[in-house]
Amino acid sequence: MAEEQGFFADGAAYERRMGRWSRLAGEDFLDWLALPAGLRWLDVGCGTGAFTELLVARCAPVELQGLDPSEAQIAYARTRPGARSAQFRQGDAQALPFADKSFDAAAMALVISFLPDPAKAVAEMARVVRPGGWLASYMWDIPGGGLPNAPIWHAMRSMNIAAASPPGSEASRSDSMLALWQQAGLQSIDTRLIRVPITHPDFDDFWESNTTPVGPTGKAIHEMSPAAREELKAFVRERIPKDHEGRISYTAHANAVKGQVPKR
């Protein structure tokens, strides 16, 4: 998980770039799960706590544990007023520091493509969730162009600029996520496409929020020479669609999956 920590060491920068879109996707995701209040929840890869805060507000958990490999992200999550009832700890999704059957539900929001071994992480989630409990995840559809920063991602691809994708992009495909849940022996498996409207008041807001040095794309842009960054910026500015007032609007999309631990 060291690579993920390097991508997302700055909680405030991540929140500026991705937090608002993460919350929109998370709201749709929780509506789809439709689980009752009063459950024991585990938020795997909780990051800045954006999804953790949603869990508190929407699901009224009796217990909520947030786990992330980045201490900086956890430190930011602890500052969220809406997540004060949650407990946060540093740890690895592939070796969860919890006993068997500790939770009623476990979720992994925007994490699966950053895991070296997603199957191991899903198996660990199934281990710590009780029989009859639920495992669920969602991730931006990277191969399908679903990232919130898709215009920059496509521009980098067109210009042959490396490191524009998370290392495990294929794990974000709907069929890949379905296969992982099946491999873990889960039941009542279902998938969903989540669409999120992305809006920016102008190109400067779009560029500034999407080029902070977090995530694979942000890190790659940060490491470019000033001249190369300006070339990329000009390339994107010329091609991104804008309305007559300069506003930028497009749609990101994520794939989601859920399944139930078999009752024994």
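Just the residues that are touching a residue at least 24 places away in the same chain (Cβ under 8 Å) and either over 18 Å from the mean Cα position of the chain (by Cα) or over 23 Å from V261 (Cβ atoms) (or both), please, taken from region 66-78.
Correct list: P69, S70, A72, Q73, I74, A75, Y76, A77, R78.
Give me the pairs: first residue in region 218-236 and without any contact (Cβ under 8 Å) to a residue 24 or more places away in the chain, second residue surrounded by 15 or more Cβ atoms within 10 Å (Cβ to Cβ) and part of a helix (DSSP H, G or I), beta-carbon distance under 8 Å, and six or more apart or on different chains, which are they?
R229/I221
Would you confirm, using the coordinates I've provided, whether L55 is among the hydrophobic types (A, V, I, L, M, F, W, C), in contact with a Pro (Cβ under 9 Å, 6 or more places away or on another chain) and closer than 25 Å to A254 by Cα?
Yes, satisfied.
Could you identify the single residue in T212, T199, T191, T217 that is under 15 Å from T251 (Cβ atoms) and of a type in the set (S, T, Y)?
Only one candidate qualifies: T199.
Any residue that is closer than 30 Å to S188 by Cα, at pLDDT 95 or above and of a type in the set (D, E, K, R) - is there at least one of those in region 242-260? So that I can check it myself, show each step before the final result.
Step one: of region 242-260, the residues closer than 30 Å to S188 by Cα are 251-260.
Then keep just the ones that are at pLDDT 95 or above; that gives 251-260.
Among the residues that remain, those that are also of a type in the set (D, E, K, R) are: 258.
For region 242-260, residues closer than 30 Å to S188 by Cα, at pLDDT 95 or above and of a type in the set (D, E, K, R): present.
Among D100, D92, D117, which is the only one that is over 19 Å from the mean Cα position of the chain (by Cα) and acidic (D, E)?
D100
Quickly run through region 115-139 and pick out the residues that are hydrophobic (A, V, I, L, M, F, W, C) and either buried (at least 24 other Cβ atoms within 10 Å of the Cβ) or closer than 18 Å to L64 by Cα (or both). Don't jump to the end; show me each part of the working.
Looking only at region 115-139, we keep the residues that are hydrophobic (A, V, I, L, M, F, W, C), and these are 115, 119, 121-123, 125-126, 128-129, 134-136, 139.
Result: L115, A121, V122, M125, A126, V128, V129, W134, L135, A136, M139.
Tell me which residues, restricted to region 247-259, are within 21 Å of the chain's Cα centre (by Cα) and either surrounded by 17 or more Cβ atoms within 10 Å (Cβ to Cβ) or free of Cβ contacts under 8 Å to residues at least 40 places away in the same chain (or both).
Listed by number, the residues that qualify are A252, H253, A254, N255, A256, V257, K258, G259.
What number goes with the only condition from (1) closer than 21 Å to E231 by Cβ; (2) in contact (Cβ under 8 Å) with a residue 24 or more places away in the chain that A184 does not pass?
Every condition holds for A184 apart from (1).
Any idea which of T217, T191 is on the phi < 0 side of the Ramachandran plot and not in a helix (DSSP H, G or I)? Please lay out each step first, then the result.
Details: T217 fails: not in a helix (DSSP H, G or I).
Only one candidate qualifies: T191.
If P167 satisfies all but one of (1) crowded, with 16+ Cβ neighbours inside 10 Å; (2) part of a loop (DSSP other than H, G, I, E, B); (3) under 16 Å from the mean Cα position of the chain (by Cα); (4) not small (G, A, S), what's the number of the condition it fails?
For P167, the exception is condition (1).
In region 28-53, how many are crowded, with 22+ Cβ neighbours inside 10 Å and touching a helix residue (DSSP H, G or I) at 6+ places or on another chain (Cβ under 7 Å)?
Qualifying residue count for the region: 12.
Just checking, does region 177-185 include any residue being surrounded by fewer than 16 Cβ atoms within 10 Å (Cβ to Cβ), over 13 Å from V257 (Cα atoms) and of a type in the set (G, A, S)?
There is at least one residue in region 177-185 that is surrounded by fewer than 16 Cβ atoms within 10 Å (Cβ to Cβ), over 13 Å from V257 (Cα atoms) and of a type in the set (G, A, S).
Just name the residue that is nearest to D141 (Cα to Cα) out of those in region 196-235 that are among the β-branched types (V, I, T) and touching a strand residue (DSSP E or B) at 6+ places or on another chain (Cβ under 8 Å).
V196
In this structure, does R20 turn out to be in a helix (DSSP H, G or I), without any contact (Cβ under 8 Å) to a residue 24 or more places away in the chain and surrounded by fewer than 23 Cβ atoms within 10 Å (Cβ to Cβ)?
So R20 passes the test.
Given the structure, is S209 assigned to a strand (DSSP E or B), crowded, with 16+ Cβ neighbours inside 10 Å and polar (S, T, N, Q)?
No.
The values are calculated or read from the model by the stated rules, or taken from the named source; none is laboratory data. Please read these numbers as outputs of a predicted model, since none were measured by experiment. Heads up, the Cβs are rebuilt from the backbone with ideal geometry, glycines too, and the neighbour counts pull from every protein chain shown.
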